[in-house]
Amino acid sequence: QVQLVESGGGLVQAGGSLRLSCAASGTIFSINDMGWYRQAPGKQRELVGVITSGNLANYADSVKGRFTISRDNAKNTVYLQMNSLKPEDTAVYYCYAAGRRFSWSRDMDYWGKGTLVTVSS
């Protein structure tokens with residue numbers, strides 16, 4: 001199996017910064033896209049941003065210019081640097097990875113259990 005474990009969530013004041021990390025472990029042949037989604041209370045899960053194995057990143061309009069995704073392919077780890085945080089960024093943030101466990105297996109989506117980010121006004 002492939003496990004994704006997030007870390008770095010917590011409570012921060014509006015205007016502050018947090019950095020989330022997500023490490024993939026287990027039997028991994030390759031990982032393609034990695035990224036972050038979030039789900040605020042009472043809302044659907046939404047894409048925050050995604051980064052390809054070639055380090056091309058795309059972001060939701062709501063976080064462009066404030067959030068930055070990066071990855072360390074050697075460590076199978078993806079990061080989310082969040083600056084200028086707003087109360088509306090409060091959500092559970094989920095790590096995502098698309099990859100395969102063996103050279104002959106198909107790509108699958110994997111998810112972390114989530115980490116809570118709370119931004120106070």
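The values are calculated or read from the model by the stated rules, or taken from the named source; none is laboratory data. Just so you know, these numbers come straight off a predicted model, no measurement behind them. When we count neighbours, we look across all protein chains shown, and the Cβ atoms used for this are built from the backbone with ideal geometry, even at glycine. Side chains are part of the model used for accessible areas, which takes the heavy atoms of the whole protein and leaves out ligands, DNA and RNA. Shrake-Rupley method; radii C 1.70, N 1.55, O 1.52, S 1.80 Å.
Under the condition of being open to solvent by 30 Å² or more (accessible area, probe 1.4 Å), touching a strand residue (DSSP E or B) at 6+ places or on another chain (Cβ under 6 Å) and within 13 Å of N32 (Cβ to Cβ), the residues counted in the stretch 72-95 number 1.
May I ask you to list the residues in the stretch 60-84 that are touching a residue at least 40 places away in the same chain (Cβ under 8 Å), in a strand (DSSP E or B) and within 16 Å of V119 (Cβ to Cβ)? Please lay out each step first, then the result.
First pass over the stretch 60-84, keeping only residues touching a residue at least 40 places away in the same chain (Cβ under 8 Å): 73, 75-84.
From what is left, the residues that are in a strand (DSSP E or B) are 77-82.
Those that are touching a residue at least 40 places away in the same chain (Cβ under 8 Å), in a strand (DSSP E or B) and within 16 Å of V119 (Cβ to Cβ): L80, Q81, M82.
Considering only the stretch 85-103, I want to know if a residue exists there that is part of a strand (DSSP E or B), farther than 23 Å from I31 by Cβ and not hydroxyl-bearing (S, T, Y). Looking for residues that are part of a strand (DSSP E or B), farther than 23 Å from I31 by Cβ and not hydroxyl-bearing (S, T, Y), one finds at least one in the stretch 85-103, hence yes.
Across the stretch 47-56, what is the number of residues that are more than 19 Å from L85 (Cβ to Cβ) and surrounded by 14 or more Cβ atoms within 10 Å (Cβ to Cβ)?
Kept after step one, since they are more than 19 Å from L85 (Cβ to Cβ), are these residues of the stretch 47-56: 50-56.
With the extra rule that they be surrounded by 14 or more Cβ atoms within 10 Å (Cβ to Cβ), the set shrinks to 50-53.
Total meeting the criteria: 4.
Selection of first residues in the stretch 11-32 that are under 29 Å from V119 (Cα atoms) and touching a residue at least 12 places away in the same chain (Cβ under 8 Å) and of second residues that are of a type in the set (D, E, K, R) and outside any strand (DSSP E or B), restricted to Cβ pairs under 7 Å at least 6 apart or on distinct chains, gives the following pairs, ordered by first then second residue: A14/K86; A23/K75.
Has the stretch 34-50 got any residue that is more than 11 Å from the chain's Cα centre (by Cα) and farther than 19 Å from V119 by Cα?
No: the stretch 34-50 contains no residue that is more than 11 Å from the chain's Cα centre (by Cα) and farther than 19 Å from V119 by Cα.
Residues of the stretch 20-46 that are open to solvent by 70 Å² or more (accessible area, probe 1.4 Å) and under 14 Å from V92 (Cα atoms): P41, G42, K43, Q44, R45, E46.
Among the residues of the stretch 4-50, the ones that are part of a loop (DSSP other than H, G, I, E, B) and hydrophobic (A, V, I, L, M, F, W, C) come to 4 in all.
Every listed requirement among (1) assigned to a strand (DSSP E or B); (2) closer than 21 Å to A23 by Cβ; (3) modelled with pLDDT of 95 or more is met by K113 save one, (1).
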